[in-house]
Amino acid sequence: MTADPAARIAAPPGVVAAEAVTKVYPMPGRPVEALRGVTLAVERGTLLSIVGPSGCGKSTLLHLLGGVDRPTTGSVTILGHRTDGLGDAALARIRLRHVGFVFQRFFLLPMLTAEENVALPMMEARVPADERRRRTGALLERVGLGDRMRHRPGQLSGGEMQRVAIARAIANHPDLLLADEPTGELDEATGREVGALLRALSRDGLAVVLVTHNPDLAALADRQVRMRDGVLV
Amino acid sequence: MGPILFLAARTLVRVPARTALVVLGLSVTGALLLDMTMLAGGLQASLGSVLSRLGFAVRVVPRGTLPFSGDAEIADADRLAAAIETQPGVTAAVPVVGANLYVRRGGRRFPSFALGVPSGTPGAYTLVAGADLPARPGPPSGGTAPVVPIVINQNMARLDGVRIGDRVVLSAAPGTILQTFAAAQACRVAGIADFYFDLPAQRTVALAGPVLRRLLDRPPGGASLILVRMTDPSRADALARWIAGRDARVDAFSIQEFLARTGARLTYFNQFSVILGTMSAAVAFLLIAAIVTLSVGERLGEIAMLRAMGFPRARIVGLVLVEGVALAAAALPGAFLLGIAIARHLDRILLSAPGVPENLHFFTFTAAAAVRTVGILLATGALGGAYPAAVTARLEVAPTLHREVVS
């Protein structure tokens, strides 16, 4: 952990914890309260799903848990580091080493091959080239794409792209994996494969938080929480 | 290779046709920029090169006649030259007489520029064929003047068919009638030489200084300029100051000072090149800024993802700046090839103008011009990347990711 030790507090149990978190977006006219006092903790080896209607604040909560945004009030603690006490660079280091993201739209870089996309976070983390190559191969084998390493995203199916995105998200051995509608653009069968993969990763000790509309996917979780109008219900 | 250089390189080839067109456009503007930097100091650099080749560290001219006037004279140049030769580090001080006269060969007569030098003075010209002026000619002092040797320039050999061994007559008078009132001198062509500052069709002859003075009916001891050769050219400025302090009727210039004074008279070239160079840099800036801004706009989701992945804000800003610089760098080979080709063509056009010496060039490729062009173009690339870099610096990760998914 390279973040500022001064920002570290007595770590609550779990990889990530939200404590009475609110998030207000200042809008012309009246501010929008996206989150209203959410408290949540996620342990290692747990798959937690967050379900709820569109606009209830699921993605906002996910972004706060991953440290890409800061709460208006309350606190989010990732591995003992309060995100509101960290600067941009320190928060980026925490994300690089400890948090992985998977999104509905994959966000793979189209000019890179599958193995280059997976290697990218390792390059930023200065993983030596030999180790990078070894780990990239192993990750793509694990997600079932050992024979597609040199394919670009445009040459892969939606399910394959999402599996590459998952391999990229866990490339630096994170403690926390956050997935926002990871099956949103996939057919049912492929969605099930991706769900199984996330389930397996949580079994390996990763804390996985899954935001989804898909009840079958949500049902794979160890814990399921429901949101409505910015609060857990 | 770090991730930033790796990503920048891959981003450049992401849309190859678009990148190729931008690089082509930047090559054209870069070529114009190179031409303008070559023009800015080209004439001075070319003049400096010729002057350095001649090997004279200091030039002494009648006050206010820079760079050269055949009409003005240093009255007692021989005595001043002798005094200069006593100074430390001076190996020779050569009085040179310059004047216009006429060369008659058979029935033809043509105007020519004459250079009167002490015999056997190396450096005023470069012999390309035949023999040089003898070291000790028999000085004509009354009575029938002997046939004296001369060296002619290549124009006279080529355009008038004058050959080594031919006999010609030099005279200060343009016609046969007037010639009866003016001195004439029978001469034999000993050699053909390259005179460095000849105009394209100018005829030039070199002969012994005393002979030329007698032809011009000028008193002995005078000269149009004095050329000084030194063992240590770094002392040229000090010598020039000593000469100017000793004799108020002359100006003395080291090569550097000579070039600086000449440069001051060529400021319009600098102004011209600064204006056009700035315009081409501005076009390059706009081209880079437009294309990188467009590219960043297309990649906001990916950039937000990189941030979410753990790339710090500064790295992403660096990535966008590097993309701008990389575009400019990719244009450099084309800019240099095209720029040099255009410069040669423009140089030929300008050199065909009347009154321009053949050995001078307006566009001179120098290390300084190359470094300046590379520096300006790369800086323009960084500046062009600055606006899109600022856009990425302000990018909020969570709302951008949300927008990209919703859209």
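The values are calculated or read from the model by the stated rules, or taken from the named source; none is laboratory data. Bear in mind that the values here come from a model prediction, so they are computed numbers and not experimental data. Note: ideal-geometry Cβ built from the backbone for every residue, glycine included; neighbour counts use all protein chains shown. Heavy atoms of the whole protein, side chains included, go into the accessibility calculation; ligands, DNA and RNA do not. Shrake-Rupley method; radii C 1.70, N 1.55, O 1.52, S 1.80 Å.
Tabulated results
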| item | result |
| --- | --- |
| Failed item, numbered, when residue A:165 is tested on (1) open to solvent by less than 20 Å² (accessible area, probe 1.4 Å); (2) over 26 Å from residue A:93 (Cβ atoms); (3) part of a helix (DSSP H, G or I) | (2) |
| Residues of region B:101-120 satisfying the condition of being at pLDDT 85 or above and open to solvent by 20 Å² or more (accessible area, probe 1.4 Å) | B:102, B:104, B:111, B:113, B:115 |
| Residue match in region A:109-126 (condition: away from chain B (no Cβ under 11 Å), over 22 Å from residue B:4 (Cβ atoms) and touching a residue at least 12 places away in the same chain (Cβ under 8 Å)) | no |
| Options A:88, A:84; residue that is surrounded by fewer than 19 Cβ atoms within 10 Å (Cβ to Cβ), within 9 Å of chain B (Cβ to nearest Cβ) and without any contact (Cβ under 8 Å) to a residue 40 or more places away in the chain | A:88 |
| Members of region B:294-314 found to be over 13 Å from residue B:399 (Cβ atoms), of a type in the set (A, V, I, L, M), more than 10 Å from chain A (Cβ to nearest Cβ) and open to solvent by 10 Å² or more (accessible area, probe 1.4 Å), listed by number | B:294 |
| Matching residues in region A:102-115 - criterion: being open to solvent by 10 Å² or more (accessible area, probe 1.4 Å) and in contact with a helix residue (DSSP H, G or I) (Cβ under 8 Å, 6 or more places away or on another chain) | A:104, A:105, A:106, A:107, A:108, A:110, A:111, A:115 |
| Any hit, region B:48-65, residues being open to solvent by less than 10 Å² (accessible area, probe 1.4 Å), in the same structural domain as residue B:278 (by TED's automatic domain parsing), modelled with pLDDT of 85 or more and under 21 Å from the mean Cα position of the chain (by Cα) | no |
| Residue check for residue B:396: touching a strand residue (DSSP E or B) at 6+ places or on another chain (Cβ under 9 Å), of a type outside the set (Val, Ile, Thr) and open to solvent by 40 Å² or more (accessible area, probe 1.4 Å) | no |
| Failed criterion for residue B:162 (all others in (1) in contact with a Gly (Cβ under 8 Å, 6 or more places away or on another chain); (2) at pLDDT 85 or above; (3) open to solvent by less than 30 Å² (accessible area, probe 1.4 Å) hold) | (1) |
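Each row is one residue, and each column tells you yes or no for (1) part of a loop (DSSP other than H, G, I, E, B); (2) more than 14 Å from every other protein chain (Cβ to nearest Cβ); (3) among the hydrophobic types (A, V, I, L, M, F, W, C).
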| site | (1), (2), (3) |
| --- | --- |
| B:31 | no, yes, yes |
| B:39 | no, yes, yes |
| B:43 | no, yes, yes |
| B:46 | no, yes, no |
| B:50 | no, yes, yes |
| B:61 | no, yes, yes |
| B:83 | no, yes, yes |
| B:96 | no, yes, yes |
| B:124 | yes, yes, yes |
